[in-house]
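Before any comments, here is the structure.
The values are calculated or read from the model by the stated rules, or taken from the named source; none is laboratory data. Since we're looking at a predicted model, the values are computed, not measured. Please note: Cβ atoms are built from the backbone with ideal geometry, for glycine as well, and neighbour counts cover all protein chains shown.
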Amino acid sequence: MRSGNDLSGWWKMSKKITIEMVRDVNCSPEILSEVLKRQKNDWISCCAARNPNCPPKALKMVVEMGKNDEVSCYAAGNSNCPTETLKMVVEMGKDDTVRRYATYNLNCPPEALKSELKQGKNDPVSREAAKNPNCPAEVLQMVLERKKNDLVSWCATHNHNCPPQARLKWLMAIGRIKTPDLSKHDVQVIKDYNKPDEEWEQFKRMVEDE
């Protein structure tokens, strides 16, 4: 509990704190922490939770309160939010917006993203997990091997870690591109740049444009 002098000092400081101050990337971590300790879901707290200077301990405190409010979302999306905190949020399995911000965070660990995508859901949380650059290639392949034409699969195909072969097989499985009849293509013709195989080239362009 704060002493009388501490309370007096905080009251004086709080009167001087403005949104412009907490939005400033040079705002001191101490001020940002003090703002979040108030445990309020107001705009000044949201700005503090978004600030890249906000210390991990303060962000952890906000997220671990387990609230599904705006300040918690911003805290879970902050790049300073500890990895173990993000992992805890994702694996708790709550159907809330905070989990979506956690899977969006670039600090979210691969094992947490895998845990989310193994459930086979097509919700906003799973889509963020599939887009996250920390998502392992084998997990993205697992998503595409379900052969579902859903948004989480499309997110997986646009992840840079997605194996090209898995992406191609998925596009064929959902009928976006036709499986080429390789018996029509002579290897020598394909290799002959003076006589390009137009059908084969068109197929490759379709794959690249998807």
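Just checking, which of 123, 96, 42 is of a type in the set (D, E, K, R), without any contact (Cβ under 8 Å) to a residue 60 or more places away in the chain and more than 30 Å from residue 148 (Cα to Cα)?
42
Name the residues in region 1-33 that are modelled with pLDDT under 85 and surrounded by fewer than 12 Cβ atoms within 10 Å (Cβ to Cβ), would you?
Matches in region 1-33: 1, 2, 3, 4, 5, 6, 7, 8, 11, 12, 15, 16.
Determine the pairs where a residue that is not assigned by TED's automatic domain parsing to the domain that holds residue 101, located within region 127-146, has a partner that is part of a loop (DSSP other than H, G, I, E, B) and crowded, with 23+ Cβ neighbours inside 10 Å with Cβ atoms under 7 Å apart, the partner being 6 or more residues away or on another chain.
129/135; 132/108; 134/108
Wholly within region 122-183, which helices (runs of 4 or more DSSP H) include no fewer than the required count, namely at least 1 residues that are of a type in the set (Lys, Arg)?
Result: 124-131, 164-173.
Tally up the residues in region 52-73 that are surrounded by fewer than 23 Cβ atoms within 10 Å (Cβ to Cβ) and either under 20 Å from residue 97 (Cβ atoms) or among the small types (Gly, Ala, Ser) (or both), please.
Qualifying residue count, region 52-73: 9.
How many of the residues making up region 86-116 are surrounded by fewer than 22 Cβ atoms within 10 Å (Cβ to Cβ) and either closer than 13 Å to residue 61 by Cα or not charged (D, E, K, R) (or both)?
Residues meeting the conditions: 10.
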